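Laboratory data are not the source of any read-out in this text; all were calculated from the coordinates shown. Note that this is a predicted model, so its numbers are computed, not measured. Positions of Cβ are generated from backbone atoms using ideal geometry, with glycine treated the same way; all protein chains shown enter the neighbour counts.
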Amino acid sequence: MENKLNKSILVTGCSSGIGAALVSEFLKQDFLVFGSIRDKKMERPLKKKYGDNFIPLVFDVTNYKQISKAYKKVKLTLKGANLGILINNAGIAKLGPVEHISSEEFDLHLKTMVLGAFNCVQIFLPLLGTKNKCSPGKVINISSGGGSIGSPFMASYCSSKHALEGFSESLRRELLIHGIKVIIVAPRAFKTAIWDKSNVDGRAVGYKKTVYNQAFDKFTNYINELSEQGRDVQVLARKIYKISSLKKPRVKYSMGPSGLQFYLTRTLPKKLVDKMLGKYFLLMK
Ligand SMILES: NC(=O)c1ccc[n+]([C@@H]2O[C@H](COP(=O)([O-])OP(=O)(O)OC[C@H]3O[C@@H](n4cnc5c(N)ncnc54)[C@H](OP(=O)(O)O)[C@@H]3O)[C@@H](O)[C@H]2O)c1
């Protein structure tokens, strides 16, 4: 491990999906990889799976105290070296009409994806190069197509990802002073457990007796199709590795299928897109 201290990365939310793929990719690229999990029971199996160059950290991104404890472990392990890359990846996605979702669930999205990123950035900044400026690190924030498009039934998720992108832009400009780069990666539809965890079909049952019944059904079918067509996360992880090694990365990378659809949704006049989405998802005649 000693000779790897100059190539290190911390990935939040690595128990599954994109986070797990990032761990595998960066280990393959000879990095020392710190990966956060919430369930302490996963520590040992993951260590066994990934080997000596993987260091599990147990924290919830919404818990400042737990992250501060993990910071001490990372600092001790790095023995004075900087942390090369921090990837804020942890996230959740639960669907529902604003009229019916709970305030707690909305808040949980913001806490996980906005406050969580803030917590990790603030706590790990000293290791990313605000103290030791000889090799400034990079912050990569995992956003989404939902970071630039507002989709019906995804207000909690889209609000959080829009906010994460705003946070990233402020941070990128602020950290110019330290030479620490901030990059947004916005994936679209990669095969992970995110929608299974969201219990999309179960939720549809809950909205049966509301005015959104048909529209929500149509939308969940669309989400199920999208997740079935989802791309391989390992390909995404490889792309993120390549981005992380660029001297002059762009401020944002969007990647994944349905490029044209996302492009049109972003570039056509908003009122026209409202009409198209409204008709397609049975929200208007
Ligand atoms: N899959 C896609 O197509 C897609 C598209 C666009 C953006 N994204 C973004 O990619 C990121 C990863 O998602 P994924 O698709 O890989 O889903 P996933 O397999 O469900 O992974 C989400 C990870 O985040 C962790 N997590 C959730 N809440 C957390 C918290 N409060 N504290 C710490 N860890 C937490 C989960 O840990 P637990 O096991 O403990 O729950 C899990 O490891 C998310 O930010 C998501 O919005 C995904």
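Averaging 1/r across all pairs of distinct Cα atoms in the chain and inverting the result yields a Kirkwood radius of 19.7 Å. The chymotrypsin sites (Phe, Trp or Tyr not before Pro) of region 1-94 include none that DSSP puts in a loop with a beta carbon having at most 15 other beta carbons within 10 Å. Helical content of the chain, expressed as a calculated mean residue ellipticity at 222 nm, amounts to -14000 deg cm²/dmol (DSSP H runs of 4 or more residues, -39,500 (n - 2.57) each, divided by residue number, nearest 500). For the chain, what does the relative contact order come out to in percent, with C-alpha contacts under 8 Å and a separation of six or more? Averaging sequence separation for qualifying contacts and normalising by length gives 18 percent for the chain. Modelled spin-label separation between Asn199 and Tyr280, with each label point placed 7 Å from Cα along the Cα-to-Cβ direction: 2.9 nm. Put simply, the amide H of Gly35, placed in the peptide plane, has neighbours under 5 Å in Val11, Ile55, Leu57, leaving out anything fewer than 5 places away on its chain. In this simple spin-label model, placing a label point 7 Å from the Cα along the Cα-to-Cβ direction at both Lys40 and Tyr263 gives a separation of 5.1 nm. Each residue of region 122-139 is assigned a 3J(HN,Hα), and the resulting list reads 4, 6, 8, 3, x, 7, 7, x, 6, 8, 9, 8, 5, 9, x, x, 10, 10 Hz, derived from the Karplus form 6.51 cos²θ - 1.76 cosθ + 1.60 (θ = phi - 60°), x at Gly and Pro. From Cα pairs below 8 angstrom and at least 6 apart in sequence, can you work out the relative contact order of region 103-224, rounded to a whole percent? Averaging sequence separation for qualifying contacts and normalising by length gives 25 percent for region 103-224.
Less than 5 angstrom separates the built amide H of Tyr253 from those of Ile184, Val185, Ala186, all sequence-distant by 5 or more or on a different chain.
Phi angles of region 37-53 translate, via the Karplus equation with coefficients 6.51, -1.76, 1.60 and θ = phi - 60°, into HN-Hα couplings of 9, 9, 8, 4, 5, 7, 3, 5, x, 5, 4, 5, 5, 9, x, 5, 8 Hz per residue; Gly and Pro are given as x. Around the amide H of Val139, modelled in the peptide plane, lie the amide H atoms of Leu86, Lys181, Val182, Ile183, all under 5 Å away and 5 or more residues distant in sequence or on another chain.
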